Amino acid sequence: MKKIELLSPAGNYEKLDMVYRYGADAAYIGGKMFNLRAFADNFNDAELENAVKLAHSLNKKLYVTLNIIPHNNDLERMPEYVKYLDTLGLDGIIVADMGVFQIVKENSNIPINISTQASNTNWASVKMWKDLGAKRVILAREVSIKEIREIRDKVPDIELEAFVHGAMCMSISGRCLLSNYMTGRDANRGACAQPCRWKYNLVEEKRPGQYFPIGEDERGTYIMNSKDLCTIEFLDQMIDAGLDSLKIEGRMKGIYYAATTTKIYRQAIDEYYEKKWEFKQKWLDELMTISHRNYTSGFYFKKPGTEDHNYDSSAYKHTHKLVAKVLKDLGDDHYLLEVRNKLNVGDEVEIIQPKGDPIKINFPEMQNNKNGENIVSANPNTIIKIKTELDLSEKDMIRKKVIK
């Protein structure tokens with residue numbers, strides 16, 4: 001039986017390295033042009049080349065996004081950029097627009113995956129893309145599990161991908177003009193300002209300055225603010241539906257989010273194929289530690305209702321934060337760490353590794369690597385040395401519970 005692909009986000013090279021280490025079969029990234037995460041770090045040409053080398057050295061796959069909805073002036077440089085991408089040996093390119101699809105076909109041999117932005121919600125549109133030469137269709141978030149099964153039955157000879165975790169958009173497959181109208185930033189060209197997450201009140205034109213709450217309480221209401229998608233409780237049904245790839249959203253998120261989501265979905269997928277599938281509460285507990293909004297099952301069982309939106313706040317929540325990352329094993333039980341959030345000797349922390357449960361310890365004595373001085377507290381970006389009998393490895397993470 002062919003094992004389903006776990007596809008993780010990577011907004012920069014560090015995140016790419018982390019998701020591969022924590023269990024991703026493939027990753028998707030953006031170059032400096034033509035992708036829908038303009039505010040991610042993204043990859044310049046040299047970084048793209050190194051990313052492909054890293055992926056293939058690990059026997060992993062790498063996809064590049066070219067999924068903007070372009071205007072005429074966007075197309076001028078695109079053929080040359082596509083020709084460059086063709087030299088890299090990519091495993092696929094993600095497009096949303098039919099014109100971009102044609103440009104990629106005419107200027108490269110890269111396999112083409114159709115973006116969720118193309119809003120494919122039925123078997124006929126999926127079949128059309130297959131007939132045009134697409135290798136894969138990334139289904140719209142608005143499809144149900146039942147519809148995925150029907151699409152697979154009707155179009156058996158194309159790869160299907162669907163989102164299993166991450167942010168949801170209040171517009172159909174993210175095709176939104178709110179950001180354009182309210183800020184001048186084009187959501188369909190990678191620059192969404194997310195005005196759907198803002199707090200709104202009602203103002204009557206003849207009473208300027210008097211703000212009336214729209215629904216919930218005196219603070220206002222977040223009337224368009226969707227919860228985040230999480231499918232870990234029914235991941236077996238997603239696999240059974242006939243998908244080829246399970247996708248995690250989040251190229252703008254940090255390494256702790258990317259690595260943790262990848263690790264948990266990796267565990268669940270592996271247990272499914274080992275015939276040991278049973279939802280484990282610890283999986284969901286771990287997904288609560290990362291930055292997230294309240295979770296929803298999205299459209300997979302029903303059309304979302306009021307219970308699938310956050311009406312009181314657009315803020316993220318999390319129970320833990322990343323405080324350090326292991327940079328190097330120095331030998332003799334000594335390790336070099338990079339501090340990401342303030343860290344103190346004696347703090348109760350947990351070691352997160354690609355496999356296994358978190359390991360609880362009190363943080364040991366540390367030295368500032370710059371001058372060798374013993375310190376009791378370290379600020380972000382400090383490089384420190386520690387000694388511990390624990391078996392740590394490069395890219396292990398150290399987290400601390402958030403005190404509210």
Task: Calculated FRET value between K370 and L54, using beta carbons and R₀ = 25 Å, to 0.05 - done: 0.30
TODO: Could you work out the Rg to Rh ratio of the range 320-401, with Rh taken as the Kirkwood radius (inverse of the mean 1/r over all Cα pairs)?
DONE: 0.92
Task: For the range 18-29, 3J(HN,Hα) per residue [Karplus equation, 6.51 cos²θ - 1.76 cosθ + 1.60, θ = phi - 60°, Hz, x = Gly/Pro] - done: 5, 5, 5, 5, 8, x, 5, 7, 8, 9, 10, 9
Open item on the list: How big is the dipole moment of the range 251-402 about its Cα centre under a simple scheme where the beta carbon of each Lys and Arg is +1, that of each Asp and Glu is -1, and everything else is neutral? Debye, nearest 20, please.
Closed with: 640
Open item on the list: For R293, what residues show an amide H to amide H distance below 5 Å, using hydrogens built from the backbone and excluding near sequence neighbours?
Closed with: D228, K317
- [ ] May I ask you to evaluate 6.51 cos²θ - 1.76 cosθ + 1.60, the Karplus curve with θ = phi - 60°, for each residue of the range 122-137 and list the ³J(HN,Hα) values in order in whole Hz, giving x for glycine and proline?
- [x] 8, 5, 5, 5, 5, 5, 4, 5, 4, 5, 7, x, 5, 8, 9, 10
Task: Peptides ranked, highest mean first, by Cβ atoms within 10 Å: ranges 113-120, 13-20 - done: 113-120, 13-20
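Computed from the coordinates by the stated procedures, all read-outs in this text should not be read as laboratory data. Predicted model only: the values in this text are computed from it and were never measured. Here Cβ is always computed from backbone atoms with ideal geometry, including for glycine, and neighbour counts include all displayed protein chains.
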